[in-house]
Amino acid sequence: MSVKVSRREFLKTSGLAAAAVATSKFPMPGIIHRRQLNTVVLKIQSFAHDAIKAVLPDFEAATGLTVQLEPGLSSGPEHMQEVSTAYAAGDSPWDVVSDPDEGTVAFARAGWLMPLDDVIPQETLDDFPQGMRDAFPIWHGFEGALYRVPHEFAVGYFFYRKDLLGEPPKTWEEVAEIGMQVTDAANGVWATTDAIIRGGLTWVYVAYLASQTGGNVFEMDAGTAHAAHFLYDMLNVYKIMPPDALNMNYDQQNQLYMSDKVMFMRQWPFFQSVAEGNTEWFSPEKVAIALPPAGPAGTGSWWGGWGFSVPALAPNPDGAKELIKFLTSNEVAPKLAQGQSWFIMPRTSILNAMAGTGNPIVDAMGLYAENNVIKPRPFHARAAEAQYAVDDAMLQYLTKQATLQEALAFGKQLLADLSA
């Protein structure tokens, strides 16, 4: 595929320093060797590997190909930084990659992804609900072409310790009230926590709260201000969150919860399988899912997700096409969903296969849909940079380096610079 924009233009588009690496179209020797061995390399988060391994024997038997799994980063901007380094250098060690929302437009615009319109059959596309298909041109395509197929429908679910709380907090006021009752900072027990570390995670949580205020974090509006103020109060006034949440990633967040140190938290659906995998600790009452506590605009949680793409320089493009077609098919998608909660989506094939099974994520998806909880992910054409701008602005306030109004003004300037 010919490159549609220069590296200079891509830097303006995505802000990834890795795009400045000199471009070379020649694959590295190791990639040539893998192609000779008929290997297809799939890069995806480690917690998804077991579910994928369970379906690979059928693929490998039918195609004669061998699939090699390599781990991926869970932070979207960090993932983009990693893979863009290879792509900008004219290299791809991978044949199929699990990419976040913010990667698709930037990578497709740079000519780094292979279009999939002739790869994915219509029956697979028709399996997605109309609401998801409506988002394909925004988050999965570029200039009318499809470059990514979602394998995840990610909504931040509200997990809580039903065994300890009985009932969850239903409003922000109850979050503060109940939170102060159950927090025991001296013994490291907190009402709630989240991964708020800079690197694309601060904005995730602020945007989650803003979905309950009617705010748009990329506009630094009044709803964003209200969300940031409530997060500040949870950290510094009510003191119901650990101070090191500002340096916490998702693995640390999950471990704190499973160490009986957190009473409720927002987390992505993959946590359900993580918790169930901790068999010595797990019980359903420890990971009950409730509606997110209602803020000034009611309850809410934005949705986004990751999806499969094929790099334009994939060493084994034919094998990559076969693998992505297989993994996203109506027959295999339900098997992946049954193996890891991260793969559960409101696709017809998945919901039919899992109907009546009592799967907590399927049930929660229905609960959230019925209560109009699910809100669109905020869009910005330069998403990765915009998310870092939100991180930088909000952390100025959360770490007491700036007032809320100063932080909002700083964020507005950073975001305005992206449009200049």
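Here are the numbers:
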{"read-out": "Between helix 383-398 and the chain: long-axis angle, C-alpha atoms, 0 to 90°, nearest 10", "value": "20"}
{"read-out": "For Leu113, distant residues with modelled amide H under 5 Å away", "value": "Ala312"}
{"read-out": "Unit charges on C-beta of K, R, D, E only; dipole of segment 42-173, Debye", "value": "300"}
{"read-out": "Interchain or long-range residues, amide H under 5 Å from Trp302's placed H", "value": "Gly156, Lys375"}
{"read-out": "For segment 320-390: rounded, prolate or oblate by the Cα gyration tensor [a/c cutoff 1.5]", "value": "oblate"}
{"read-out": "Whole-Hz ³J(HN,Hα) from phi, Karplus 6.51 cos²θ - 1.76 cosθ + 1.60, for segment 284-301, glycine and proline x", "value": "x, 5, 7, 10, 5, 10, 10, 5, x, x, 6, x, x, 9, x, 7, x, 7"}
{"read-out": "Cα centre as origin, Lys/Arg/Asp/Glu Cβ charges: the chain dipole, Debye", "value": "780"}
{"read-out": "Cross-link table Lys375/Lys412; Lys170/Lys400; Lys43/Lys162; Lys170/Lys335, entries beyond 32 Å C-alpha to C-alpha", "value": "Lys43/Lys162; Lys170/Lys335"}
{"read-out": "Residues whose placed amide H lies under 5 Å from that of Gly72, excluding near-sequence neighbours", "value": "Ile44, Gln45, Ser46"}
{"read-out": "For segment 39-51, 3J(HN,Hα) per residue [Karplus equation, 6.51 cos²θ - 1.76 cosθ + 1.60, θ = phi - 60°, Hz, x = Gly/Pro]", "value": "9, 10, 9, 10, 9, 7, 4, 4, 5, 9, 5, 4, 5"}
{"read-out": "Net charge of neighbours whose Cβ lies under 10 Å from the Cβ of Leu73, counting Lys and Arg as +1 and Asp and Glu as -1", "value": "-1"}
{"read-out": "Rounded Å value of the spacing that divides the Cα centres of segment 158-210 and segment 96-111", "value": "32"}
{"read-out": "Net charge over other residues, Cβ less than 13 angstrom from the Cβ of Trp139 (K, R count +1; D, E count -1)", "value": "-2"}
{"read-out": "Cα-based shape type of segment 276-413, given that a ≥ b ≥ c are square roots of the gyration tensor eigenvalues and the cut on a/c is 1.5", "value": "oblate"}
{"read-out": "Segment Asp184-Thr399, extension gain: residue separation times 0.36 nm, minus the distance between their alpha carbons", "value": "75.2 nm"}
{"read-out": "Among Gly366, Leu56, Met394 the positive-end extreme of the charge dipole of the chain (Cβ point charges)", "value": "Met394"}
{"read-out": "Local net charge near Ile324, Cβ-Cβ under 13 Å (Lys/Arg +1, Asp/Glu -1)", "value": "-2"}
{"read-out": "Fewest-first sequence of Asp391, Asp50 by Cβ atoms within 10 Å of each Cβ", "value": "Asp50, Asp391"}
{"read-out": "Segment 313-319 - phi-based ³J(HN,Hα) in whole Hz, Karplus 6.51/-1.76/1.60, Gly and Pro as x", "value": "9, 3, x, 10, x, 5, x"}
{"read-out": "Cα centre as origin, Lys/Arg/Asp/Glu Cβ charges: segment 307-383 dipole, Debye", "value": "280"}
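Every read-out reported here was derived from the displayed coordinates using simple, explicitly stated rules and does not represent laboratory data. As the structure is a prediction and not an experimental result, all values here were calculated from the model. Please note: Cβ atoms are built from the backbone with ideal geometry, for glycine as well, and neighbour counts cover all protein chains shown.
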